[in-house]
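Values quoted throughout were computed directly from the atomic coordinates according to the rules given, and no laboratory measurement underlies them. This one's a predicted model, so the numbers in the text were calculated from it and none came from an experiment. FYI the Cβ positions are ideal-geometry reconstructions off the backbone, even for glycines, and counts take in every protein chain you see.
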Amino acid sequence: MKQSGIRILGIETSCDETAVAVVEDGNIIRSNLVASQIEIHRRFGGVVPEVASRRHIEVIASLTEEALKEAGLPRQEIDAVAVANSPGLIGALLVGVSFAKAYAYGLNKPLIGVNHMEAHIYANFLTENKPIFPAVCLVVSGGHTSLLYMERHREFEMMGETRDDAAGEAFDKVARFLGLGYPGGPAVQNAAALASPGKYHLPRVYLDRNDFEFSFSGLKTAAMNLWNKLQRSGEDAEVNYLAAEFQEALVEVLVEKSINAARQKNVKQILLAGGVAANARLRERITAEASANNIQIHIPALELCTDNAAMVACAGYYQYLDGDFAGLDLNAFPQSGLLVKKACG
């Protein structure tokens, strides 16, 4: 099997972003294009699955040709096609999977099915200064919040995960409730930047537990209930201060549990991954706490935190090296446990 100059075409359609990229040798980004649907879904206050799927269909072919053109490659010179096939919105995933299967078949190239959340972790490897093993990975997105121990490439141990709302989901719901706008993460961050935490108090859920589980449903509800109470009582209700307290309460739990996980596993590196990894306060606090504990922190560039295809191509590269290819019967799965390759303990 070819071992250098490996060019992977990555395709990502798990939610509301159509993304196509070409990555060479696992870390050289030749192109990385994203057709965003934020403005389309903004009026609904969230992603409408059917609308997202239809938009993927409209743009995926032209975006692929544009990505190849930007990479300076004729389509015949790619070595494999990697596509996110789980988890995500089933209709959206099926658009990418169907297109990738047809593209790989037409070019007689290998097809690679990639777990979307695993791809988020591999965004950390899209750099010359690659992480070293073992490491602890904090994956925080709209649908997932997990702490994993990564012993080597493509081998994970689940240490803990959310029992209800994911961090990104909590951001979205609180932002919508407070009328801050969409998408929720940036909206809360922008409001929080105009105030500081501490004026109000919200719980640090599960921080008193000696495990690595998360729960953000209670925090979300506490924020909503506090806002309703302030409104009813006529007290001084300042939305920016509530946003700052909510963000701080959520970030504090994420950071402390990540540091504790790294200590327990005696690792010197933490990898941050997922859309919520773009949050400025999370990046600031986890960097400071990691430094204070002599732990290195790897955080992808902002454009590689949110959904993109370069991370899919990067994860696909390591599957290519293992010869882990999919058949043309590759399917899409809205939920998937494929991220965990090794059971805890």
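Of note:
- Restricted to Cα atoms, the chain shows a radius of gyration and a Dmax of 20.2, 70 angstrom.
- The separation of the stretch 211-258 from the stretch 313-337, counted between C-alpha centres, amounts to 38 Å.
- Beta bridges by DSSP in the stretch 132-299, antiparallel share as percent, to the nearest 5: 60 percent
- When each of GLU303, GLU252, GLU235 is scored by the number of other beta-carbon atoms lying within 10 Å, the sequence from fewest to most is GLU235, GLU303, GLU252.
- Entries of LYS173/LYS229; LYS220/LYS257; LYS130/LYS220; LYS229/LYS257 with Cα pairs more than 24 Å apart: LYS130/LYS220; LYS229/LYS257
- When peptides 197-203, 221-227 are ranked by their average number of other Cβ atoms within 10 Å per residue, the highest-first order is 221-227, 197-203.
- Within the listed set ASP208, ASP307, ASP164, the residue fluctuating most in the Gaussian network model of the chain (springs between alpha-carbon atoms under 10 angstrom) is ASP208.
- Expected 222 nm ellipticity per residue - DSSP helices of 4 or more, -39500 (n - 2.57), all of the chain, to 500: -13500 deg cm²/dmol
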